[in-house]
Amino acid sequence: MIRLLHEDAWFRVEHNPSDAVFRAARSGAPFPDPQTADRAFSALDAALTTVPRGARLLLDLRDWAPRDDEELEAMVERVRDRVFARFERVAVLVRAAVGKRHVQRRIEGQPAAAIFDDEDRAMDHLLA
């Protein structure tokens, strides 16, 4: 049975204990200000603090619209590094090639992370 760990206007985090996959989905809702973004990323981080050894993460960014915002990108990097370090494998799911290129630049140096535009392939990677 899938457990809902966190949900707000920006993120939904679920855990499927049967396959050790955590799923974090970013909504398409923009952050109204940097303080709200900081609170949302802190809540995402907190929802994933008790990840068991060997867990995997599917980060679904298909509804998210990338923005060129240096302050927001710095926040994303801080949280990304902490969150990704907790997982044995991470699959980042994007909608299109543009999103894939944007995410590739952001996850360089993350050995456990791979980018996909197909959910079945992402899950195959996580469960391999």
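Here, each number is a calculation from the coordinates, and none is a lab measurement. Only a predicted model underlies this, so the values are computations on that prediction, with no experimental measurement involved. Here the Cβ is made from the backbone with ideal geometry for all residues, glycine too, and neighbour counts use every protein chain on show.
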Requested in this report: Compute the length gained on full extension between ASN16 and ALA43: take 0.36 nm times their separation in residues and subtract their Cα-Cα distance, giving the result in nm to one decimal.
Outcome: 7.8 nm
Report summary line: Pseudo-spin-label distance MET1 to ALA114, built 7 Å along Cα→Cβ, given in nm, is 3.2 nm
Query raised in the report: Normalised by the residues of the chain, what does the relative contact order come to in percent, with Cα pairs under 8 Å and at least six apart?
Result: 21 percent
Report task. Step through the residues of the stretch 56-65 one at a time and calculate ³J(HN,Hα) from phi using the Karplus curve (6.51 cos²θ - 1.76 cosθ + 1.60, θ = phi - 60°), rounding each to whole Hz and writing x for Gly and Pro. Result -> 10, 10, 9, 9, 8, 10, 4, 8, 7, 9
Query raised in the report: If we sort 81-87, 71-77 on the protection proxy, mean other Cβ atoms within 10 Å, highest first, what's the order?
Result: 81-87, 71-77
Report task. Quick one: net charge around ALA20, please, counting Lys, Arg +1 and Asp, Glu -1 for every other residue with C-beta under 9 Å from its C-beta. Result -> -1
Report summary line: Amide H contacts under 5 Å for VAL90, restricted to residues at least 5 apart in sequence or on another chain and with H modeled in the peptide plane, are LEU57, ALA113, ALA114
Report task. Return the sequence-ordered ³J(HN,Hα) values of the stretch 78-95 in whole Hz as given by the Karplus equation 6.51 cos²θ - 1.76 cosθ + 1.60 applied to θ = phi - 60°, using x for Gly and Pro. Result -> 4, 5, 4, 4, 5, 5, 4, 4, 7, 10, 5, 9, 9, 10, 9, 9, 10, 7
Query raised in the report: Per-residue ellipticity at 222 nm for the chain, helices alone: DSSP H runs ≥ 4 residues times -39500 (n - 2.57), over residue total, nearest 500 deg cm²/dmol?
Result: -12500 deg cm²/dmol
Requested in this report: Quick one: which residues, 5 or more positions from LEU5 or on another chain, have an amide H under 5 Å from its amide H? H modelled 1.01 Å from N in the peptide plane, none for Pro or chain starts.
Outcome: VAL13, GLU14, HIS15
Report summary line: Kirkwood Rh over alpha-carbon pairs of the stretch 3-127 plugged into Stokes-Einstein at 4 °C, 1.567 mPa s gives a D in µm²/s of 89 µm²/s
